[in-house]
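A short write-up of the structure that comes next.
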Amino acid sequence: GTTAAAVPPSFRDLHGRLEFRPTDKDRVVVSLYDGKEDANASRNEALPAATSGWIAVEGFVPPSDAELQVSDVRTGEGRGASGAWTRRWSPAALSTVTFARSESSTTADRVSVLTSPSTGVDDSFAAGRGGRGGLAEFSEIADTTVRIDTRIGVGADHALAIGGEIASFDADYRLRGEVFGQAGVGL
């Protein structure tokens, strides 16, 4: 819904990291992340007194107290985890195995209504705006990566690096919008 003043956003952010050495040659690191943001920029905006420049329909005169009621709500979430195991095989050889997974999503819902508190009438069509401009948007991304890396020292200033990485990315995006046409005409 709409509000007279924007609501302050809320935010949560959590990071954690744990590192330990089970042996003199092994090191394990685990990291976690979780975050969320909620934003509500809904508001009522009074229209300027001189309306002739933005009204698209000739002869339409908005009420003197006309306002644009804007609903603009967004949410974003993200979480992730990773783990890495490093093993020193010798003074010249080192291997690292890493696994990481992250997910993030965003939703946004927007709509605006041209109305007046005194009449309560929705003038979004009469003013030539083509409706309320409603949009609902959703996106989601997931990433999984596994990496193996080995480094072998071959001399004072040289090293040989061997390894591989496999990554999987999944993405989903959806957008729904308000669409109108003339009565009796197919879209």
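The values are calculated or read from the model by the stated rules, or taken from the named source; none is laboratory data. Here the structure is a predicted model, which means the values were calculated and not measured. FYI the Cβ positions are ideal-geometry reconstructions off the backbone, even for glycines, and counts take in every protein chain you see. Please note that ligands, DNA and RNA were not included when accessible areas were found on the heavy atoms of the full protein model with its side chains. Shrake-Rupley method; radii C 1.70, N 1.55, O 1.52, S 1.80 Å.
Take peptides 106-118, 146-158 and line them up by average Cβ neighbours within 10 Å, highest first, as a rough protection proxy.
106-118, 146-158
Ordered by 1.4 Å accessible area with all protein chains kept, Ser71, Ser90 run largest first as Ser90, Ser71. Applying 1/(1 + (r/R0)^6) with R0 = 35 Å to the Cβ-Cβ distance of Ile166 and Thr107 gives a FRET efficiency near 0.70.
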